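See below for the structure under consideration.
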Amino acid sequence: MGKKTLVLIYGGRSTEHEVACRSAAFVYRSLDRDKYSLHLVGVDKNGDWYPQLDSSSWDPGLNSLPIERDGKIARSATPPANPRGALASLCGLAPDVLPDCVFFPMIHGVSGEDGTLQGLFELAGVAFVGPDTLGSAIGMDKVVTKRLAASAGIPVVPFVEVNSGMWVDGKAAICARAIDILGLPLFVKPARLGSSVGIKKVKDPAALPAAIEEALSYDDKVLIEIGLNVREVECAMLGGVSAKPSVVGEVVLDAEFYSYEEKYAQNSRASTRVPADLSPELTAEIQKLSCRVFEVLALYGMARIDWFLEKATGQLYLNEVNTIPGFTQVSHYPLFWSKSGKDPANLLSDLIELGLQRAAVKGALKKEMHG
């Protein structure tokens, strides 16, 4: 069998653009070139797509993929006739190449991880890596994630939801209600962002309105959670209908919380302990619950499931899920699988194969009522 064509789409319009370019570099370096013919498509912060025509000359040691803009697709007065043609045009590919393609989205956050890009793939009928439109949209929204998880008996941190319309109509009442229900300290988070962007810890009631305003500048829906004294533990998931958990790791912090800077700065005070210093029974419980979350949220392919372990009580709480987890040099998803015995090249091959399997299953479904 010949090589499969892989299209790595990276960058994007979200606040996590730089992280996505670094994640894409990890995939670029780690991919088995004997199995896959690689096409690269960079999406800049304006949302413009640029096929990377000279990518074969790039240094494989790059820590962040650049976006070269010479290959920008010209806007046509005659749009493609169907979604498949539109996707081929955006990627600078001939439409007849697409049946052999697997699309690997490495766009964290809005317009990449939230189901919008996955919807384009599904409309075009192409194979792609990671959860589908539904699972991606669910996993991106922390409020929906927590409500679905809670309905399945999975413990979640108590929270209050705020949206921009509610905020305009009753700022003082919202702040008073949040403090009355949850107490202090509080964490204020945009509901549909990752990498800890826009998160504030609030210890003083007077600081709550500004924290909510800050979060609402990134998203029109905000989550206010009770601030617990916790350990942060995580589990990486890999699989289709039946997914498998990795070893459990722990984020060891010397900071208020796992902020964007602590995740990605060169001088970060955070470290990762893999495997986490947990009892075998608690490790097994986290893995079991992570499998349950993966199922309940309709995920597929990959996800990282993040948990809070309350220090005083030992109670586990679901924090969030990441459906396109980081793939940088310091990211936990590939690290956890490496510690579980799966090197990056094999991990990527497994993810690509899962995308092909799902496309084959969906492609075999009946399109007519008879026959």
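The values are calculated or read from the model by the stated rules, or taken from the named source; none is laboratory data. In this text the structure is predicted, and so the values were computed from the model without any measurement. Heads up, the Cβs are rebuilt from the backbone with ideal geometry, glycines too, and the neighbour counts pull from every protein chain shown.
So the values come out like this:
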| quantity | calculated |
| --- | --- |
| Options Ser246, Ser217: the member that is more than 19 Å from the chain's Cα centre (by Cα) and of a type in the set (Ser, Thr, Tyr) | Ser217 |
| Selection status of Ser331, farther than 19 Å from Leu299 by Cα, outside the structural domain of Asp100 (by TED's automatic domain parsing) and hydroxyl-bearing (Ser, Thr, Tyr) | yes |
| Residue in the stretch 342-361 that is within 18 Å of Met237 (Cβ to Cβ) and in a loop (DSSP other than H, G, I, E, B) present | yes |
| Pairs, first closer than 13 Å to Val168 by Cα in the stretch 208-233, second modelled with pLDDT under 95 and β-branched (Val, Ile, Thr), C-beta under 8 Å, six or more apart | none |
| Residue count, the stretch 1-46 (criterion: among the small types (Gly, Ala, Ser) and more than 15 Å from the chain's Cα centre (by Cα)) | 5 |
| For Gly2: the one exception among (1) under 19 Å from Leu348 (Cα atoms); (2) surrounded by 15 or more Cβ atoms within 10 Å (Cβ to Cβ); (3) at pLDDT below 85 | (2) |
| One residue from Pro280, Pro275, Pro325, Pro334 being of a type outside the set (S, T, N, Q), closer than 18 Å to Lys244 by Cα and without any contact (Cβ under 8 Å) to a residue 24 or more places away in the chain | Pro280 |
| Any hit, the stretch 158-181, residues being out of contact with any Leu (no Cβ under 6 Å at 6 or more places or on another chain), in a loop (DSSP other than H, G, I, E, B) and among the β-branched types (Val, Ile, Thr) | no |
| Filter result (in a loop (DSSP other than H, G, I, E, B), surrounded by fewer than 24 Cβ atoms within 10 Å (Cβ to Cβ) and touching a Gly at 6+ places or on another chain (Cβ under 8 Å)) within the stretch 15-43 | Thr15 |
| Considering residues of the stretch 87-132 that are among the charged types (D, E, K, R) and outside any loop (DSSP other than H, G, I, E, B) only, the residue surrounded by the most Cβ atoms within 10 Å (Cβ to Cβ) | Glu122 |
| Test: residue in the stretch 167-175 that is assigned by TED's automatic domain parsing to the domain that holds Glu213 and within 26 Å of Glu16 (Cβ to Cβ) | yes |
